[in-house]
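S.K.: I'd like to ask some things about the structure below.
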Amino acid sequence: MSLSKADRGELEFNPERGDLRTFCHNIVESFQINHFHSHKIDFECPSAEFFADFDRRLLRRALSNLIDNAIKYSPRGGTVTFCLWQGDDRAHISVSDEGIGIPPDEAAFLFDAFHRASNVGSLPGTGLGLAIAKQAVERHGGAISLPPRSDIGATFLIELPLKSDREQSRSLSI
Ligand code: ATP
Ligand code: MG
């Protein structure tokens with residue numbers, strides 16, 4: 001549903017200014033509570049707080065899909081690391097795990113709907129989570145990527161403008 005809306009450019013986008021650190025920490029905390037028996041989920045952020053314009057519903061969906069994958073595709077007892085840091089005009093988020101990793105020649109396709117890598121074995125999934133995350137991040141004017149192969153597990157990176165276009169045009173018109 002949200003994918004077909006996104007394809008038609010209709011994905012609702014309602015950015016609001018808020019503390020991205022607290023927002024991300026709350027999401028990570030809910031995964032820590034639900035998965036404390038199987039995974040350690042670390043939250044790292046050097047800033048006490050930082051403010052950005054973001055759509056809570058869309059960003060929650062994107063980040064939850066990445067953390068959900070990091071847990072699903074890594075063994076019990078593994079550590080998932082969520083990092084948030086601030087660049088000049090962008091927020092950067094990385095989600096890393098110690099799991100099965102991604103075959104390098106398949107990385108380019110994983111953001112396509114229904115695409116699953118050949119090493120997933122019997123781990124369940126529909127192949128939609130990353131496609132939805134990509135649409136949600138791009139709706140913010142941001143980008144999601146997979147840095148070149150890491151030695152162990154997988155790392156996904158998100159970058160988001162701290163100010164949404166809508167806020168930028170509002171401040172320009174004042
Ligand atoms: P679902 O729609 O339930 O999320 P899914 O997890 O298979 O299903 P995506 O989240 O879109 O779908 O991920 C697409 C594919 O990318 C996965 O099937 C898997 O092959 C690969 N993948 C995604 N995240 C990871 C990860 N952290 N480690 C290893 N492979 C991953
Ligand atoms: Mg998934």
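The values are calculated or read from the model by the stated rules, or taken from the named source; none is laboratory data. Computed from a predicted structure; not experimentally measured. Quick reminder, even Gly has a Cβ in these numbers, built from the backbone with ideal geometry, and neighbours come from all protein chains shown. All accessible areas refer to the heavy atoms of the entire protein, side chains included, with ligands and DNA or RNA removed. Shrake-Rupley method; radii C 1.70, N 1.55, O 1.52, S 1.80 Å.
S.K.: Identify, from the list Leu162, Leu130, the residue that is open to solvent by less than 60 Å² (accessible area, probe 1.4 Å), closer than 26 Å to Asp55 by Cα, within 14 Å of ligand 2 (Cβ to nearest atom) and not charged (D, E, K, R).
M.R.: Only one candidate passes the filter, namely Leu130.
S.K.: Please work out which residue is most open to solvent (accessible area, probe 1.4 Å), limiting yourself to the range 76-99 and to residues that are in a loop (DSSP other than H, G, I, E, B) and at pLDDT 95 or above.
M.R.: Arg76
S.K.: Tally the residues that are part of a helix (DSSP H, G or I) and at pLDDT 95 or above, restricting the search to the range 140-174.
M.R.: Residues of the range 140-174 that are part of a helix (DSSP H, G or I), as a first pass: 165-173.
Filter once more, so that each one left must be at pLDDT 95 or above: none.
Result for the range 140-174: 0.
S.K.: Could you please give the count of residues in the range 39-75 that are assigned to a helix (DSSP H, G or I) and within 16 Å of ligand 2 (Cβ to nearest atom)?
M.R.: Summing the residues that are assigned to a helix (DSSP H, G or I) and within 16 Å of ligand 2 (Cβ to nearest atom) in the range 39-75 gives 13.
S.K.: Here is a follow-up. Report the residue count in the range 21-38 for those that are in a helix (DSSP H, G or I), open to solvent by less than 20 Å² (accessible area, probe 1.4 Å) and either of a type outside the set (A, V, I, L, M, F, W, C) or in contact (Cβ under 8 Å) with a residue 40 or more places away in the chain (or both).
M.R.: Within the range 21-38, residues that are in a helix (DSSP H, G or I), open to solvent by less than 20 Å² (accessible area, probe 1.4 Å) and either of a type outside the set (A, V, I, L, M, F, W, C) or in contact (Cβ under 8 Å) with a residue 40 or more places away in the chain (or both) number 3.
S.K.: A follow-up question, please. Taking only the range 104-153 into account, find how many residues are small (Gly, Ala, Ser) and farther than 20 Å from Arg60 by Cα.
M.R.: Number satisfying all stated conditions: 8.
S.K.: Right, next: With the structure loaded, tell me whether Ala136 is near ligand 1 (Cβ under 7 Å from one of its atoms), closer than 25 Å to Asp53 by Cα, modelled with pLDDT of 95 or more and not in a loop (DSSP other than H, G, I, E, B) or whether it fails that test.
M.R.: No; evaluated as a whole, the condition is false for this residue.
S.K.: To continue, here is another question. Select from the range 100-127 the residues that are within 23 Å of Thr79 (Cα to Cα) and in a helix (DSSP H, G or I) and write down the one among them that is farthest from ligand 2 (Cβ to nearest atom).
M.R.: Residue satisfying both the conditions and the ranking: Pro104.
S.K.: For Leu130, state whether it is near ligand 1 (Cβ under 8 Å from one of its atoms) and either part of a loop (DSSP other than H, G, I, E, B) or of a type in the set (Ser, Thr, Tyr) (or both). Break it down stepwise before answering.
M.R.: Details: near ligand 1 (Cβ under 8 Å from one of its atoms): yes; either part of a loop (DSSP other than H, G, I, E, B) or of a type in the set (Ser, Thr, Tyr) (or both): no.
In short, no.
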